[in-house]
Amino acid sequence: MSISTKLTAAKHRLGFTSAELACRSGVPLSTVNKILSGQTRHPSPQALDQLCRTLGISLSYLLKDDIPGGQYIPVQCEETGLRYLSSQEWELVRDYGVLTVQGRAMVDSLLELLLNLSPLPLPTGKRRLLLCFQPAAQGLRGAYMDGFRYVPLDVTLDSVTEQADFCLLLTDRSMEPVYLPGTMLAVKRQPAGPNQLGLFLLGHELFFRTLSRSTGRTKLVAINLEYKDVPVRRSDELHCLGTILGAVRDYVRLPARE
(Lines give C-alpha, C1' and ligand atoms only; values in the text may rest on other atoms or scores of the structure.)
Protein backbone atom coordinates (compact mmCIF):
# COMPACT_ATOMS: atom_id res chain seq x y z
CA MET A 1 0.00 0.00 0.00
CA SER A 2 1.18 3.51 -0.76
CA ILE A 3 1.76 6.22 1.84
CA SER A 4 -1.32 8.11 0.67
CA THR A 5 -3.52 4.98 0.90
CA LYS A 6 -2.33 4.17 4.43
CA LEU A 7 -2.85 7.76 5.60
CA THR A 8 -6.32 7.88 4.02
CA ALA A 9 -7.30 4.59 5.70
CA ALA A 10 -6.08 5.85 9.09
CA LYS A 11 -7.97 9.13 8.60
CA HIS A 12 -11.21 7.28 7.80
CA ARG A 13 -10.71 4.93 10.75
CA LEU A 14 -10.70 7.89 13.13
CA GLY A 15 -13.50 9.66 11.30
CA PHE A 16 -11.43 12.75 10.49
CA THR A 17 -12.04 15.03 7.54
CA SER A 18 -9.01 16.37 5.71
CA ALA A 19 -9.63 19.76 7.32
CA GLU A 20 -9.72 18.19 10.81
CA LEU A 21 -6.52 16.29 10.12
CA ALA A 22 -4.82 19.47 8.98
CA CYS A 23 -6.03 21.39 12.04
CA ARG A 24 -5.02 18.70 14.52
CA SER A 25 -1.63 17.97 12.95
CA GLY A 26 -0.61 21.50 12.09
CA VAL A 27 0.09 20.51 8.48
CA PRO A 28 -1.46 22.97 5.99
CA LEU A 29 -4.67 21.69 4.38
CA SER A 30 -3.27 22.12 0.88
CA THR A 31 -0.29 19.94 1.84
CA VAL A 32 -2.56 17.32 3.43
CA ASN A 33 -4.72 17.13 0.31
CA LYS A 34 -1.68 16.72 -1.95
CA ILE A 35 -0.27 13.93 0.25
CA LEU A 36 -3.58 12.09 0.54
CA SER A 37 -4.26 12.30 -3.19
CA GLY A 38 -0.77 11.02 -4.00
CA GLN A 39 0.12 14.21 -5.82
CA THR A 40 3.07 14.68 -3.46
CA ARG A 41 5.01 11.43 -3.80
CA HIS A 42 7.81 12.34 -1.39
CA PRO A 43 6.35 14.31 1.53
CA SER A 44 8.70 15.98 3.96
CA PRO A 45 9.70 13.92 7.05
CA GLN A 46 8.32 16.67 9.30
CA ALA A 47 4.88 16.59 7.67
CA LEU A 48 4.74 12.79 7.81
CA ASP A 49 5.79 12.78 11.47
CA GLN A 50 3.06 15.27 12.37
CA LEU A 51 0.43 13.28 10.47
CA CYS A 52 1.53 9.99 12.04
CA ARG A 53 1.36 11.41 15.56
CA THR A 54 -2.13 12.73 14.92
CA LEU A 55 -3.38 9.47 13.39
CA GLY A 56 -1.74 7.22 16.01
CA ILE A 57 0.44 5.30 13.56
CA SER A 58 4.20 4.89 13.35
CA LEU A 59 6.43 6.34 10.66
CA SER A 60 7.95 2.91 10.01
CA TYR A 61 4.47 1.51 9.33
CA LEU A 62 3.93 4.27 6.82
CA LEU A 63 7.21 3.72 4.98
CA LYS A 64 7.31 -0.10 4.89
CA ASP A 65 5.62 -1.79 1.93
CA ASP A 66 5.30 -5.29 3.44
CA ILE A 67 2.87 -4.35 6.24
CA PRO A 68 -0.85 -5.07 5.57
CA GLY A 69 -3.00 -1.98 5.62
CA GLY A 70 -5.20 -3.14 8.50
CA GLN A 71 -2.22 -3.68 10.81
CA TYR A 72 -0.77 -0.45 12.16
CA ILE A 73 -0.01 -0.84 15.90
CA PRO A 74 3.73 -1.46 16.47
CA VAL A 75 4.61 -4.09 19.09
CA GLN A 76 8.11 -5.21 20.07
CA CYS A 77 8.20 -9.01 20.41
CA GLU A 78 10.99 -10.77 22.29
CA GLU A 79 11.78 -13.35 19.60
CA THR A 80 10.58 -11.90 16.31
CA GLY A 81 11.35 -8.21 16.81
CA LEU A 82 8.98 -5.46 15.70
CA ARG A 83 5.52 -6.64 14.62
CA TYR A 84 2.39 -4.77 13.61
CA LEU A 85 -1.09 -5.58 14.88
CA SER A 86 -4.59 -4.52 13.93
CA SER A 87 -6.72 -2.85 16.61
CA GLN A 88 -8.65 -6.11 17.14
CA GLU A 89 -5.41 -8.09 17.52
CA TRP A 90 -4.11 -5.55 20.00
CA GLU A 91 -7.30 -5.81 22.08
CA LEU A 92 -6.85 -9.61 22.21
CA VAL A 93 -3.22 -9.25 23.35
CA ARG A 94 -4.22 -6.68 25.96
CA ASP A 95 -7.06 -8.81 27.34
CA TYR A 96 -4.87 -11.92 27.39
CA GLY A 97 -2.34 -10.05 29.52
CA VAL A 98 -4.81 -9.45 32.36
CA LEU A 99 -6.07 -13.05 32.56
CA THR A 100 -5.20 -15.36 35.42
CA VAL A 101 -2.90 -18.32 34.79
CA GLN A 102 -5.98 -20.55 34.62
CA GLY A 103 -7.69 -18.16 32.24
CA ARG A 104 -4.70 -18.14 29.93
CA ALA A 105 -4.62 -21.94 29.95
CA MET A 106 -8.28 -21.99 28.85
CA VAL A 107 -7.60 -19.52 26.03
CA ASP A 108 -4.51 -21.49 24.95
CA SER A 109 -6.44 -24.76 24.75
CA LEU A 110 -9.30 -23.14 22.83
CA LEU A 111 -6.89 -21.47 20.40
CA GLU A 112 -5.11 -24.78 19.84
CA LEU A 113 -8.41 -26.45 19.03
CA LEU A 114 -9.38 -23.70 16.58
CA LEU A 115 -6.00 -23.90 14.87
CA ASN A 116 -6.37 -27.66 14.55
CA LEU A 117 -9.82 -27.23 13.05
CA SER A 118 -8.82 -24.55 10.55
CA PRO A 119 -7.39 -26.98 7.93
CA LEU A 120 -10.62 -29.00 7.91
CA PRO A 121 -12.56 -28.66 4.65
CA LEU A 122 -15.89 -26.99 5.17
CA PRO A 123 -18.85 -29.39 5.04
CA THR A 124 -20.65 -29.45 1.72
CA GLY A 125 -24.22 -28.32 1.31
CA LYS A 126 -26.05 -26.11 3.75
CA ARG A 127 -23.85 -26.87 6.76
CA ARG A 128 -21.18 -25.11 8.83
CA LEU A 129 -18.77 -25.71 11.68
CA LEU A 130 -19.76 -24.42 15.10
CA LEU A 131 -17.80 -24.64 18.34
CA CYS A 132 -19.67 -26.00 21.35
CA PHE A 133 -18.72 -25.40 24.99
CA GLN A 134 -19.59 -28.12 27.48
CA PRO A 135 -19.40 -27.21 31.21
CA ALA A 136 -17.25 -29.63 33.18
CA ALA A 137 -19.14 -29.10 36.44
CA GLN A 138 -22.44 -27.75 37.70
CA GLY A 139 -22.51 -25.38 40.67
CA LEU A 140 -25.26 -24.85 43.22
CA ARG A 141 -27.03 -22.36 40.94
CA GLY A 142 -25.31 -22.35 37.52
CA ALA A 143 -22.56 -24.01 35.53
CA TYR A 144 -19.02 -23.34 36.73
CA MET A 145 -17.04 -21.13 34.38
CA ASP A 146 -13.71 -22.54 35.58
CA GLY A 147 -13.66 -25.61 33.33
CA PHE A 148 -15.04 -26.40 29.88
CA ARG A 149 -14.59 -28.96 27.16
CA TYR A 150 -14.62 -27.71 23.58
CA VAL A 151 -16.30 -29.80 20.91
CA PRO A 152 -16.53 -28.85 17.19
CA LEU A 153 -19.91 -29.51 15.62
CA ASP A 154 -20.92 -29.99 12.00
CA VAL A 155 -24.37 -28.39 12.00
CA THR A 156 -27.17 -27.89 9.51
CA LEU A 157 -27.36 -24.28 8.39
CA ASP A 158 -30.69 -22.71 9.36
CA SER A 159 -32.01 -19.42 10.76
CA VAL A 160 -30.53 -20.26 14.19
CA THR A 161 -27.12 -21.69 13.36
CA GLU A 162 -26.45 -19.16 10.59
CA GLN A 163 -26.39 -16.31 13.14
CA ALA A 164 -24.71 -18.21 16.00
CA ASP A 165 -21.16 -17.46 17.11
CA PHE A 166 -20.94 -20.57 19.32
CA CYS A 167 -23.18 -22.95 21.22
CA LEU A 168 -23.28 -24.24 24.78
CA LEU A 169 -24.59 -27.50 26.22
CA LEU A 170 -27.49 -27.07 28.63
CA THR A 171 -26.72 -29.15 31.72
CA ASP A 172 -29.59 -28.27 34.07
CA ARG A 173 -33.40 -28.02 34.04
CA SER A 174 -33.56 -24.22 34.22
CA MET A 175 -34.92 -23.95 30.65
CA GLU A 176 -37.71 -26.54 30.98
CA PRO A 177 -40.23 -27.02 29.49
CA VAL A 178 -38.87 -25.11 26.45
CA TYR A 179 -35.43 -26.79 26.36
CA LEU A 180 -34.43 -30.01 28.09
CA PRO A 181 -31.04 -30.85 29.63
CA GLY A 182 -28.62 -31.99 26.93
CA THR A 183 -29.85 -29.42 24.39
CA MET A 184 -27.21 -27.56 22.39
CA LEU A 185 -28.17 -23.88 22.60
CA ALA A 186 -26.95 -21.48 19.91
CA VAL A 187 -25.56 -18.17 21.20
CA LYS A 188 -24.86 -14.89 19.41
CA ARG A 189 -22.36 -12.51 20.99
CA GLN A 190 -24.66 -9.57 21.56
CA PRO A 191 -26.36 -8.23 24.71
CA ALA A 192 -29.75 -9.76 25.44
CA GLY A 193 -32.59 -7.28 25.17
CA PRO A 194 -35.64 -6.97 27.44
CA ASN A 195 -37.42 -10.32 27.86
CA GLN A 196 -34.74 -12.05 25.76
CA LEU A 197 -32.99 -15.16 26.98
CA GLY A 198 -29.30 -14.53 27.50
CA LEU A 199 -26.15 -16.27 28.66
CA PHE A 200 -25.02 -14.44 31.81
CA LEU A 201 -21.84 -14.68 33.83
CA LEU A 202 -22.32 -13.84 37.50
CA GLY A 203 -19.19 -14.33 39.55
CA HIS A 204 -17.83 -17.67 38.33
CA GLU A 205 -21.17 -19.19 37.32
CA LEU A 206 -23.05 -19.23 34.02
CA PHE A 207 -26.81 -18.85 33.76
CA PHE A 208 -29.36 -19.17 30.95
CA ARG A 209 -31.80 -16.52 32.12
CA THR A 210 -33.64 -13.30 31.37
CA LEU A 211 -32.48 -10.17 33.16
CA SER A 212 -35.17 -8.43 35.19
CA ARG A 213 -34.68 -4.91 36.48
CA SER A 214 -37.15 -3.11 38.73
CA THR A 215 -36.83 -0.33 41.25
CA GLY A 216 -33.98 -1.30 43.54
CA ARG A 217 -33.95 -4.95 42.36
CA THR A 218 -32.01 -6.75 39.66
CA LYS A 219 -32.34 -10.50 39.19
CA LEU A 220 -31.85 -13.35 36.75
CA VAL A 221 -35.10 -15.21 36.05
CA ALA A 222 -35.31 -18.80 34.76
CA ILE A 223 -38.00 -20.21 32.47
CA ASN A 224 -38.51 -23.11 34.88
CA LEU A 225 -40.55 -21.71 37.77
CA GLU A 226 -39.07 -24.31 40.11
CA TYR A 227 -35.78 -22.40 39.93
CA LYS A 228 -35.47 -19.47 42.29
CA ASP A 229 -34.56 -16.06 40.94
CA VAL A 230 -30.87 -15.22 41.25
CA PRO A 231 -30.47 -11.78 42.88
CA VAL A 232 -27.79 -9.47 41.48
CA ARG A 233 -26.30 -7.07 44.00
CA ARG A 234 -24.64 -3.79 43.10
CA SER A 235 -21.29 -5.20 44.14
CA ASP A 236 -21.65 -8.24 41.83
CA GLU A 237 -19.92 -8.43 38.45
CA LEU A 238 -22.56 -9.36 35.89
CA HIS A 239 -21.75 -9.84 32.21
CA CYS A 240 -24.03 -10.84 29.35
CA LEU A 241 -22.00 -13.15 27.12
CA GLY A 242 -24.64 -13.41 24.42
CA THR A 243 -28.25 -13.87 23.37
CA ILE A 244 -29.84 -17.34 23.13
CA LEU A 245 -31.03 -17.88 19.56
CA GLY A 246 -32.54 -21.34 20.00
CA ALA A 247 -31.65 -25.03 19.89
CA VAL A 248 -29.19 -26.61 17.49
CA ARG A 249 -31.29 -29.48 16.15
CA ASP A 250 -29.14 -31.31 13.62
CA TYR A 251 -25.44 -31.72 14.35
CA VAL A 252 -22.56 -34.18 14.27
CA ARG A 253 -19.72 -34.04 16.80
CA LEU A 254 -16.31 -33.84 15.20
CA PRO A 255 -13.13 -35.00 16.94
CA ALA A 256 -10.48 -32.35 17.56
CA ARG A 257 -7.53 -33.00 15.28
CA GLU A 258 -4.13 -33.79 16.76
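Out of curiosity, is Thr54 polar (S, T, N, Q), closer than 17 Å to Ser86 by Cα and in a helix (DSSP H, G or I)? When the stated conditions are applied, Thr54 does not pass them. Applying the criterion of being hydroxyl-bearing (Ser, Thr, Tyr) and within 26 Å of Ser86 (Cβ to Cβ) to the residues of segment 7-51, the residue that is farthest from the chain's Cα centre (by Cα) is Ser37. With respect to Thr54, determine if the residue is of a type in the set (Val, Ile, Thr), at pLDDT 85 or above, farther than 30 Å from Pro152 by Cβ and under 30 Å from the mean Cα position of the chain (by Cα). Spelling it out, Thr54 is indeed of a type in the set (Val, Ile, Thr), at pLDDT 85 or above, farther than 30 Å from Pro152 by Cβ and under 30 Å from the mean Cα position of the chain (by Cα). Report yes if some residue within segment 213-236 is surrounded by 12 or more Cβ atoms within 10 Å (Cβ to Cβ) and within 22 Å of the chain's Cα centre (by Cα); otherwise report no. No, segment 213-236 contains no residue that is surrounded by 12 or more Cβ atoms within 10 Å (Cβ to Cβ) and within 22 Å of the chain's Cα centre (by Cα). Is there a residue in segment 79-89 that is assigned to a strand (DSSP E or B), at pLDDT below 65 and touching a helix residue (DSSP H, G or I) at 6+ places or on another chain (Cβ under 8 Å)? Yes, because at least one residue in segment 79-89 is assigned to a strand (DSSP E or B), at pLDDT below 65 and touching a helix residue (DSSP H, G or I) at 6+ places or on another chain (Cβ under 8 Å). Among the residues of segment 191-219, the ones that are assigned to a loop (DSSP other than H, G, I, E, B) and either out of contact with any Phe, Trp or Tyr (no Cβ under 7 Å at 6 or more places or on another chain) or at pLDDT 85 or above (or both) come to 10 in all. Residues of segment 164-211 that are within 16 Å of Tyr251 (Cα to Cα) and of a type in the set (Ser, Thr, Tyr): Thr183 alone. When segment 90-106 is limited to residues that are within 13 Å of the chain's Cα centre (by Cα) and of a type in the set (A, V, I, L, M, F, W, C), the one that is modelled with the lowest pLDDT turns out to be Trp90. When segment 2-40 is filtered for residues that are in contact (Cβ under 8 Å) with a residue 24 or more places away in the chain, surrounded by fewer than 17 Cβ atoms within 10 Å (Cβ to Cβ) and assigned to a loop (DSSP other than H, G, I, E, B), the ones remaining, listed by number, are Ser2, Gly26, Gly38. Determine if segment 220-236 includes at least one residue that is closer than 24 Å to Leu130 by Cβ, touching a Leu at 6+ places or on another chain (Cβ under 8 Å) and part of a strand (DSSP E or B). Checked against the condition, which is being closer than 24 Å to Leu130 by Cβ, touching a Leu at 6+ places or on another chain (Cβ under 8 Å) and part of a strand (DSSP E or B), segment 220-236 yields no hits at all. Considering only residues in segment 112-135 that are surrounded by 12 or more Cβ atoms within 10 Å (Cβ to Cβ) and among the aliphatic types (A, V, I, L, M), the one that is modelled with the lowest pLDDT turns out to be Leu120.
Scanning segment 21-46 for residues that are hydrophobic (A, V, I, L, M, F, W, C) and either over 17 Å from Ala10 (Cα atoms) or out of contact with any helix residue (DSSP H, G or I) (no Cβ under 9 Å at 6 or more places or on another chain) (or both) returns no hits.
The values are calculated or read from the model by the stated rules, or taken from the named source; none is laboratory data. It should be emphasised that the depicted structure is a prediction, and the values quoted were computed from it without experimental measurement. Virtual Cβ from ideal backbone geometry, glycine too; neighbours counted across all protein chains shown.
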